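Written out below as structure tokens is the structure these notes cover.
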Amino acid sequence: MPDLERAAPEDRPAAALAAVADHRVGFGSVRDAASGCRACDLWARATQTVFGSGPVPARLMLVGEQPGDKEDVAGEPFVGPAGAMLAKAMEEAGLDRERAFVTNVVKHFKWRPTPGGKRRLHEKPNKVEIGACLPWVETELALVKPEALVLLGATAAGALVGPSVSVMRDRGKPLAVDLAPLVVATVHPSSILRAGSGREAAYDAFVRDLRGIAKRLAA
Ligand code: URA
């Protein structure tokens, strides 16, 4: 495995994971390497890599799907409408957003233009894109070493735990996987934004899931 700085852009995710496993690099080097990642084609239409952000290590790590339009421009995860929803729910649940490490399974924004071409619409990443990007979030996990890992939505849960997990069936309950001492899946905050008349109930259920995590972290 070549050194991280010399790794080809398409080999960067695997090179980073290996370098962190060998204690050869820290978070800054990994984030720098991710900025030039070409492991799948999504980089070509995105503004930039949106890497995880927050303290390293951190007791709490949250993983979403991929950056949205706002995150793509800002270069920071969860700074758009879903991020505002997440921050509000975390505060209500007693979780400190500033002390959590927040990231996504996929680090580039995947989008298609609206028919008029004025806006960029989110598109779900496919299996190849998720697989290519996965070593980045595994690398973040190895560096952040959270006590609690929260998987926001089906893409994060499926990528990190596998198809056995169903977010709606298993939400809020500790999952029997060894990614972190506590691993919990819940809905993605953007699903609450789309919930229409069920929005209040969806938000309350999300806060309940997060409150359960806060309680377990405090115990
Ligand atoms: N949705 C996500 O999954 N991640 C973000 O960073 C923003 C929206």
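The values are calculated or read from the model by the stated rules, or taken from the named source; none is laboratory data. Keep in mind the model is a prediction, meaning the values are calculated, not measured. Don't worry about glycine lacking a Cβ; one is built from the backbone with ideal geometry, like all the others, and counts go over all protein chains shown. Areas reflect the complete protein model, heavy atoms only, side chains present, ligands, DNA and RNA absent. Shrake-Rupley method; radii C 1.70, N 1.55, O 1.52, S 1.80 Å.
So is R211 closer than 30 Å to L143 by Cβ and not small (G, A, S) or not? Yes, satisfied.
Listed conditions (1) buried (at least 20 other Cβ atoms within 10 Å of the Cβ); (2) closer than 17 Å to A202 by Cα are all met by K173, apart from (1). Of the residues making up the stretch 143-158, one or more are out of contact with any strand residue (DSSP E or B) (no Cβ under 7 Å at 6 or more places or on another chain), open to solvent by 40 Å² or more (accessible area, probe 1.4 Å), closer than 19 Å to L217 by Cβ and not hydrophobic (A, V, I, L, M, F, W, C). Among the residues of the stretch 123-136, some residue qualifies, meaning at least one is among the polar types (S, T, N, Q) and within 21 Å of A44 (Cβ to Cβ). Say we look at the stretch 60-81 and pick out the residues that are open to solvent by 20 Å² or more (accessible area, probe 1.4 Å) and in a helix (DSSP H, G or I); which of these is nearest to L121 (Cα to Cα)? So, considering only residues that are open to solvent by 20 Å² or more (accessible area, probe 1.4 Å) and in a helix (DSSP H, G or I), the one nearest to L121 (Cα to Cα) is D69. Among residues of the stretch 38-92 being within 21 Å of A154 (Cβ to Cβ) and of a type in the set (G, A, S), the one that is farthest from the ligand (Cβ to nearest atom) is A89. Which one is farthest from M85 (Cα to Cα) among residues in the stretch 175-219 that are of a type in the set (K, R) and more than 16 Å from the ligand (Cβ to nearest atom)? Among those that are of a type in the set (K, R) and more than 16 Å from the ligand (Cβ to nearest atom), it is R216. In this structure, does A7 turn out to be surrounded by 15 or more Cβ atoms within 10 Å (Cβ to Cβ), more than 16 Å from the ligand (Cβ to nearest atom) and free of Cβ contacts under 8 Å to residues at least 24 places away in the same chain? The answer is no for A7. K88 satisfies every condition listed in (1) part of a loop (DSSP other than H, G, I, E, B); (2) open to solvent by 40 Å² or more (accessible area, probe 1.4 Å) except (1).
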